[in-house]
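A short write-up of the structure that comes next.
Every number here is computed from the coordinates shown, using simple stated rules; none is lab data. Because the structure is a prediction, the values reported are computed rather than measured. Here Cβ is always computed from backbone atoms with ideal geometry, including for glycine, and neighbour counts include all displayed protein chains.
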Amino acid sequence: MSYLGIDLGTSEVKAVLTDDESHVLASAGVALRVDNPHPHWSEQSPQDWWLATLDAIGAIRNAQPRVFAGLRGIGLSGQMHGATLLDRGGNVLRPAILWNDTRAYAECVELEALVPESRAITGNLAMPGFTAPKLLWLSKYEPAVFGSVQKVLLPKDYIAWRLTGEFVSDMSDASGTLWLDVGKRDWSDRMLEATGLSRENMPRLVEGSEAAAELRDELRREWGIDGRVVVCGGAGDNAASAVGIGVAKTGDAFLSLGTSGVLFAATARYAPNQAQAVHAFCHCVPEQWHQMSVILSAAASLQWLSRVLKVGVAELVEMAPGGESATAPVFLPYLNGERTPHNDAEAKGVFYGMSASHGAAEFAYSVMEGVAFAMADGYAALRGAGTVLEAASFIGGGSRSAFWGRLCATALGFPLNLHEGSDVGAALGAGRLARLARTGEALDAVCVAPPVVRRYEPSTATGAVLQERLARYRRLYRALRDEFRA
């Protein structure tokens, strides 16, 4: 038997084919484009997602045709919060509004006024990246579209519908909508009503490791698969990455430097900290939850600098250790606003302390340091929710940089472990969820951590300097907060 894990990210669709022990046999990735038609807007075409998914599956089939024919389960993970809107005929009404779209910041205030108990219900502050405020915005500014909405799907759930014909979502991804009662693991009628919607407009809910539907017969035949294929509930990208890296029980954690930055800690109970913009979500496995601090521009900050300087990202990463850590500018990585701990859609990116002596190496260092500081702010928010970590796994594109790993470990104050195969974490996690749904195996037998290939310890040599600069970084945000709104 084989299993397919598909991760619908912001920048690409990644797919992996695994055997019945979750060893990766083939992988493929297809790039995606993000459209920014106006300031604060971030959109993608759901049809582009589907075509990229088909291309990635096609590449997997070509690489392993015999193994693919024995496919028995598919798992999906995906970028969270995106509003994918369908009419009664299943037609996409407009481009999907993505997680890093901040147009609905005013609607967050409105939603919390409409439902004063919203934070208690959802476990989270209303943030413009979440799905519910997007629908309030839509009702005001695109009322014809809003009036035609029959189903609101998260990105991965749109792909699941194309694969199966079923409208279904999982608890972890649904937690990021502001329509879920996270403690009860069910849709909140109160939150839906506040945005002019009902359960009829939502997909059916299942656990991520639960069988949700089956692959359409026409696709199964077209792909030459010789038996029924279960499609599981799947997971939001971070919960899937957790399963892929073995983070499923209290004390387990990972730090991810992708387009966004995430510090994810598994918990055995529902433990919100809304005051510091900590996300308290359901995990994608039964009776488990997790806390998450999120920054909006992690590797995206380095990609931005690459575009500005016209220097490749890889070259910037190599330059960064040459930047003088004591005198380089301090960088606030709020290029798209910020979530944890500020929940500030108006926050801006800042270089502070530039001089004529600074060049590309210093700017590269500053950007990587600023991201590390933002993650340290996130950890402080998790500690405010009672979570203390001894170590964390290190994943995402940024984990390819040993320098960034040491920088983050020093800023946060605990070691980071780089695992074998960490670059396919979310897709691998989705494949593991499919395996759980098909076989009914115990979670501990499937959700295991891959071998550690490198460990980044906090640096005693640079720790004192870094802590001084972290304190300045925090003072800068406080000093500039009102200016961001001017």
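Placing unit charges on each Cβ (+1 for Lys and Arg, -1 for Asp and Glu) gives the chain a dipole about its Cα centre, and among ALA479, ILE60, ALA266 the Cα reaching farthest toward its positive end belongs to ALA479.
Placing pseudo-labels 7 Å out from each Cα toward the beta carbon at SER45 and ASP189 gives an inter-label distance of 4.1 nm.
Compare the peptides 346-358, 387-399 by average per-residue count of other Cβ atoms within 10 angstrom and give them in order, highest first.
Numbers: 346-358: 15.0, 387-399: 21.1.
Most protected by this proxy first, the peptides run 387-399, 346-358.
For the pair the stretch 290-331 / the stretch 139-162, the C-alpha centres are spaced 35 Å from each other. Relative contact order, whole percent, for the stretch 19-131 stands at 25, derived from Cα pairs under 8 Å and 6 or more residues apart.
Would you mind calculating the relative contact order of the stretch 2-233 from Cα pairs under 8 angstrom and at least 6 residues apart, reporting the percent as a whole number?
20
Apply 1/(1 + (r/R0)^6) to the Cβ-Cβ distance of SER459 and ASP87, taking R0 = 41 Å, and write down the FRET efficiency to the nearest 0.05. Computed FRET efficiency for SER459 and ASP87: 0.15.
When the helices in the chain are scored as -39500 (n - 2.57) per DSSP H run of 4 or longer and the sum is shared across all residues, what 222 nm value do you end up with, to the nearest 500 deg cm²/dmol? Numbers along the way, then the final one.
On the way: 18 runs with 185 residues, N = 486.
When only DSSP H runs of four or more count, the value is -11500 deg cm²/dmol.
For LEU205, the residues whose modelled amide H falls within less than 5 Å of its own, excluding neighbours fewer than 5 places apart on the same chain, are SER169. The Cβ shell under 14 Å around MET80 holds other residues with a net charge of -3, Lys and Arg each +1, Asp and Glu each -1. Scalar couplings 3J(HN,Hα) for the stretch 340-357, obtained by applying the Karplus form with A = 6.51, B = -1.76, C = 1.60 to θ = phi - 60°, are 7, x, 8, 6, 10, 5, 8, 4, 10, x, 9, 9, 10, x, 6, 9, 5, 7 Hz; x denotes Gly and Pro. Average 1/r across all pairs of distinct alpha carbons in the stretch 348-415, invert it, and you get the Kirkwood radius: 13.4 Å. Between the residues LEU305, THR387, PHE363, the greatest Cα displacement towards the positive end of the dipole of the stretch 274-390, with unit charges on the Cβ of Lys, Arg, Asp and Glu, is found for LEU305. Protection proxy ranking of 265-276, 34-45, by the mean of other Cβ atoms within 10 Å over each peptide's residues and highest first, is 265-276, 34-45.
Kirkwood radius for the stretch 212-279, taken over all pairs of different Cα atoms as the inverse mean of 1/r, rounds to 14.9 Å.
So what's the net charge close to VAL313: Lys and Arg +1, Asp and Glu -1, counting the other residues with Cβ under 11 Å from its Cβ? Spell out each step's value before the answer.
Values: positive: ARG307, ARG400; negative: GLU315, GLU318.
Every neighbour counted, the sum reads 0.
For the stretch 228-271 versus the stretch 41-113, the inter-centroid distance based on Cα atoms is 18 Å.
Count the DSSP beta bridges whose two residues both fall in the chain, then state the antiparallel fraction as a percent rounded to the nearest 5. Please report the intermediate quantities before stating the final value.
On the way: 51 of 72 bridges.
Percent antiparallel among DSSP bridges in the chain is about 70.
Along each principal axis, taking the top coordinate minus the bottom one, the Cα set of the stretch 344-475 gives 61, 33, 31 Å in descending order.
Using the per-residue mean of other Cβ atoms lying within 10 Å as a proxy for protection, in what order, highest first, do the peptides 68-81, 142-155 fall?
Working: 68-81: 26.7, 142-155: 18.4.
Ranked by mean Cβ neighbours within 10 Å, highest first: 68-81, 142-155.
Taken along the Cα-to-beta-carbon direction at a fixed 7 Å, the label points for ASN62 and GLU117 span 5.6 nm.
Under the criterion of Cα pairs below 8 Å and six or more residues apart, the relative contact order for the chain equals 16 percent. Pull up the cross-link candidates among the lysines for LYS134, meaning alpha carbon to alpha carbon under 17 Å and not fewer than 8 places away within one chain. Filter leaves LYS151. Run the Debye formula on the Cα coordinates of the chain, all scatterers equal and no solvent, and tell me log10 I(q)/I(0) at q = 0.09, 0.13 1/Å. Those come out to -0.56, -1.21, one per q. Evaluated at q = 0.14 Å⁻¹, the base-10 log of the normalised Debye intensity for the stretch 1-156, with identical point scatterers placed on the Cα atoms, takes the values -0.77.
List the DSSP H helices in the chain whose Cα atoms stretch 27 Å or more along the helix axis and whose mean Kyte-Doolittle hydropathy is at least -1.0.
Working: long enough: 360-384 (36 Å, 0.66); 463-484 (30 Å, -0.75).
Within the chain the helices that satisfy the rule are 360-384, 463-484.
Each Lys or Arg adds one and each Asp or Glu subtracts one; over the other residues with Cβ under 15 Å from the Cβ of ILE225, this totals +3. Normalising the Debye intensity of the stretch 144-183 to I(0), with uniform scatterers on Cα atoms only, and taking log10 at q = 0.26, 0.27, 0.35 Å⁻¹ returns -0.93, -0.96, -1.11.
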